[in-house]
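Undergrad: Here you go, one structure.
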Amino acid sequence: MLQIGPNSLGPDLSYSWAQAASDLGQIAPIVALTGFFLLAIITDLVLPRSRRGDVVAMFAVVGFAYSLGTALYRWLYATGGYAYHRFASGDTFALFFEILFASLGILTVALSHSYLKRRGLLQSEFHILTMAAVIGMMVLASATSLVTVFLGLELLSISLYIMCGFARTDFRSQEAAAKYLLVGGFASAFVLYGMALVYGGAGTTVIPEIAQRLGEASSANPLILLGIVLMGVGFAFKVSAAPFHMWTPDVYQGAPIPVTAFMSVGTKAAAFAMIVRVFAGGLPHLAPEWQVVLAIVAFASMVFGNLMAIVQTSLKRLLAYSGIAQAGYILIGVIAGGPNGLAAVLYYLFVYMFMNFGAFAVITLLAGPDGDRDSFADLEGLGRRNPVLAVAMTIFMLSLAGFPPSVGFFGKLFLFTAGVGAGYTWLVVVAVLMSVVSVFYYIRVLIPVWSAAPARDRVPASVSSAFAIVLSGAASILLGLYPTALLLAGQIGANPISGSP
């Protein structure tokens, strides 16, 4: 037992083996994935290069699956609580995102394995970096201290910086990594400075204690207000929200497509988990202040993202601007708050994983040894070259546009309903109008897919890639036909933040 007495500089801490076991249990999905992550690193060191890729990929898939199973088990049978002196939590909010991130990890490994071979890129290192990034995402979701939030943010960011520049001989990939590193460093600095100011005003970094110490009277404290603004700016960078979105189209276009697919979903979900934890969980009494900041960001994101997507000729850049607009839609749920708003956020983030990742997955299969192919011309005649991919791309585009009965339709319905209920009707009106605008460029993607183009080579798909695309397509349909089950899971996941019974 370790004890620090009351006369010491630190708090009175007592730690037993039982407490250690309880703490490890609360973060069991993270611990499980970290174990496989370390095993994959050792394997990469000892195996010959010819065998590393397949073996490390297997360890990655098993690690993600084991972490997913652990999170599902704890969701069904275990009781969530705080761990490590309230620096982390194993509540349903954390478990919801851990299930999401583990699922995303499996899809990413399945999609990238054949792509890496086709382009001659290092396989084992890529899968190890993917595992590290997912661990960072899980830490962000379970963090209940500003210190833990920043640690998870940096673990995620550093892994993605390297992954963006993974194609070492591709100038665009190196440029994307450099831009992401520079802009990401600025965003992290904003977040850290804002956290420091909030800590200075509250006297603690533990998010539940911040909520207890900062009441409505804190709205007159310039230190707290500046901290909220700085954190809002940093968070907007991370979710690719306007006007702090400048890095997104260039990084999405330059990074290898599996990296773009991974970060377009994972980074956004992890950043929104961070926003909900810090703002809705730690600053509920100052909601009018941070809601104004987020409302301005949401408005700018929806308008700018949709209008800029119309004129794009690159599929990567089109989906990048689409992601900026989608961030604006999700922010409506965060601003609305409460059980309905946060449940809608969690629902939309989960289904967004399938429809957006699936769209990038189809583009991934178009890549050749010479590089990625993401122009509209590369999609010509896809309906003849591979009908399954064409049907899947149609499902993903219609889902992103919000056509019923797709998951995108119900996701937007839940978000917009929560926004109207919270009194943000004007913002929902803007969102609906911009959703109508988005139909143009999503349908525009499908025109070359089903065009009667001259005969071209078939688009082959490996078993693992086909699995990722078919699973994403099936989920985009089934979760739209039966949306209530996932929405109920979102409500349960939002309970620790919203305080609903």
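Undergrad: Give me the pairs, please: first residue somewhere in segment 374-386 and closer than 22 Å to THR260 by Cα, second residue anywhere and among the basic types (Lys, Arg) and at pLDDT 80 or above, beta-carbon distance under 8 Å, and either six or more positions apart or on two chains.
TA: Within 8 Å, the pairs are ASP374/LYS316; PHE376/ARG444.
Undergrad: Now for a different question. From the list ALA287, ALA242, which one is outside any helix (DSSP H, G or I) and more than 16 Å from the chain's Cα centre (by Cα)? Walk me through how you get there before you give the answer.
TA: Details: ALA287 fails: outside any helix (DSSP H, G or I).
Of ALA287, ALA242, the one residue that is outside any helix (DSSP H, G or I) and more than 16 Å from the chain's Cα centre (by Cα) is ALA242.
Undergrad: Determine whether segment 64-81 contains at least one residue that is surrounded by fewer than 24 Cβ atoms within 10 Å (Cβ to Cβ), touching an Asp or Glu at 6+ places or on another chain (Cβ under 6 Å) and charged (D, E, K, R). Step through it out loud before you land on a result.
TA: Residues of segment 64-81 surrounded by fewer than 24 Cβ atoms within 10 Å (Cβ to Cβ): 65-66, 68-70, 72-81.
Checking which are touching an Asp or Glu at 6+ places or on another chain (Cβ under 6 Å) leaves us with 80.
Filter once more, so that each one left must be charged (D, E, K, R): none.
Scanning segment 64-81, I find no residue that is surrounded by fewer than 24 Cβ atoms within 10 Å (Cβ to Cβ), touching an Asp or Glu at 6+ places or on another chain (Cβ under 6 Å) and charged (D, E, K, R), so the answer is no.
Undergrad: For a quick check of your reading of the model, give me the residue pairs whose first member lies in segment 390-412 and is part of a loop (DSSP other than H, G, I, E, B), whose second is among the charged types (D, E, K, R), with beta-carbon atoms closer than 9 Å and at least 6 apart or on different chains.
TA: GLY402/LYS412
Undergrad: Working carefully through the options ALA110, ALA141, ALA88, find the one that is touching a residue at least 40 places away in the same chain (Cβ under 8 Å) and farther than 16 Å from ALA32 by Cβ.
TA: Working: ALA141 fails: farther than 16 Å from ALA32 by Cβ; ALA88 fails: farther than 16 Å from ALA32 by Cβ.
That would be ALA110, the only listed residue that is touching a residue at least 40 places away in the same chain (Cβ under 8 Å) and farther than 16 Å from ALA32 by Cβ.
Undergrad: May I pose another question? Criterion first (part of a helix (DSSP H, G or I), out of contact with any Leu (no Cβ under 6 Å at 6 or more places or on another chain) and either within 30 Å of ARG384 (Cα to Cα) or of a type in the set (Phe, Trp, Tyr) (or both)) does ILE492 satisfy it?
TA: Numbers: part of a helix (DSSP H, G or I): yes; out of contact with any Leu (no Cβ under 6 Å at 6 or more places or on another chain): yes; either within 30 Å of ARG384 (Cα to Cα) or of a type in the set (Phe, Trp, Tyr) (or both): no.
Judged against the criteria, ILE492 is not a match.
Undergrad: For ILE257, all conditions in the list (1) over 30 Å from VAL109 (Cβ atoms); (2) aliphatic (A, V, I, L, M); (3) touching an Asp or Glu at 6+ places or on another chain (Cβ under 7 Å) hold save one; what is the number of the exception?
TA: Here ILE257 meets the rest and fails (1).
Undergrad: Being in contact (Cβ under 8 Å) with a residue 60 or more places away in the chain and surrounded by fewer than 22 Cβ atoms within 10 Å (Cβ to Cβ) is the requirement here; does PRO284 meet it? Can you show your working first?
TA: Numbers: in contact (Cβ under 8 Å) with a residue 60 or more places away in the chain: yes; surrounded by fewer than 22 Cβ atoms within 10 Å (Cβ to Cβ): yes.
Yes; evaluated as a whole, the condition is true for this residue.
Undergrad: Restricting to segment 396-415, count the residues that are within 29 Å of GLU380 (Cβ to Cβ), surrounded by fewer than 24 Cβ atoms within 10 Å (Cβ to Cβ) and hydrophobic (A, V, I, L, M, F, W, C).
TA: 4
Undergrad: Somewhere in segment 176-199, is a residue more than 22 Å from the chain's Cα centre (by Cα), surrounded by fewer than 20 Cβ atoms within 10 Å (Cβ to Cβ) and over 26 Å from PHE299 (Cα atoms)?
TA: Yes, because at least one residue in segment 176-199 is more than 22 Å from the chain's Cα centre (by Cα), surrounded by fewer than 20 Cβ atoms within 10 Å (Cβ to Cβ) and over 26 Å from PHE299 (Cα atoms).
Undergrad: Please work out if ILE207 is farther than 20 Å from SER159 by Cβ, surrounded by 17 or more Cβ atoms within 10 Å (Cβ to Cβ), in contact (Cβ under 8 Å) with a residue 60 or more places away in the chain and within 25 Å of the chain's Cα centre (by Cα). Even if it seems obvious, please write down each step before you answer.
TA: Values: farther than 20 Å from SER159 by Cβ: yes; surrounded by 17 or more Cβ atoms within 10 Å (Cβ to Cβ): yes; in contact (Cβ under 8 Å) with a residue 60 or more places away in the chain: yes; within 25 Å of the chain's Cα centre (by Cα): yes.
Yes: the conditions hold for ILE207.
Undergrad: Could you grab me the full set of residues in segment 1-58 that are within 11 Å of SER124 (Cα to Cα) and modelled with pLDDT under 85?
TA: Residues satisfying the conditions are LEU47, ARG49, SER50, ARG51, ARG52, GLY53, ASP54.
Undergrad: Need the failing condition index for MET163 against (1) aliphatic (A, V, I, L, M); (2) closer than 17 Å to MET274 by Cα; (3) surrounded by 24 or more Cβ atoms within 10 Å (Cβ to Cβ), just the number.
TA: (2)
Undergrad: Hey, SER218 hits all of (1) over 20 Å from ALA287 (Cα atoms); (2) in a helix (DSSP H, G or I) but one; which does it fall short on?
TA: (1)
Undergrad: Now a separate question. Would you pick out the residues in segment 295-329 that are surrounded by fewer than 24 Cβ atoms within 10 Å (Cβ to Cβ), touching a residue at least 12 places away in the same chain (Cβ under 8 Å) and closer than 25 Å to TYR424 by Cα?
TA: Across segment 295-329, the qualifying residues are ALA295, PHE299, ALA300, VAL303, PHE304, LEU307, MET308.
Undergrad: Looking at TYR424, TYR348, can you tell me which residue is within 29 Å of PHE237 (Cβ to Cβ), of a type outside the set (A, V, I, L, M, F, W, C) and surrounded by 22 or more Cβ atoms within 10 Å (Cβ to Cβ)? Step through it out loud before you land on a result.
TA: On the way: TYR424 fails: surrounded by 22 or more Cβ atoms within 10 Å (Cβ to Cβ).
The unique qualifying residue is TYR348.
Undergrad: Here is a further query. Of the residues MET231, MET263, MET274, which is in contact with a strand residue (DSSP E or B) (Cβ under 8 Å, 6 or more places away or on another chain) and crowded, with 22+ Cβ neighbours inside 10 Å? Walk me through how you get there before you give the answer.
TA: Working: MET231 fails: in contact with a strand residue (DSSP E or B) (Cβ under 8 Å, 6 or more places away or on another chain); MET263 fails: in contact with a strand residue (DSSP E or B) (Cβ under 8 Å, 6 or more places away or on another chain).
So the residue among MET231, MET263, MET274 that is in contact with a strand residue (DSSP E or B) (Cβ under 8 Å, 6 or more places away or on another chain) and crowded, with 22+ Cβ neighbours inside 10 Å is MET274.
Undergrad: Being among the hydroxyl-bearing types (Ser, Thr, Tyr), buried (at least 21 other Cβ atoms within 10 Å of the Cβ) and more than 24 Å from VAL334 (Cα to Cα) is the filter; apply it to segment 458-501 and report the residue that is modelled with the lowest pLDDT.
TA: Selected residue: SER465.
The values are calculated or read from the model by the stated rules, or taken from the named source; none is laboratory data. What you are looking at is a predicted structure, and each value in this text was computed from that prediction instead of being measured. Don't worry about glycine lacking a Cβ; one is built from the backbone with ideal geometry, like all the others, and counts go over all protein chains shown.
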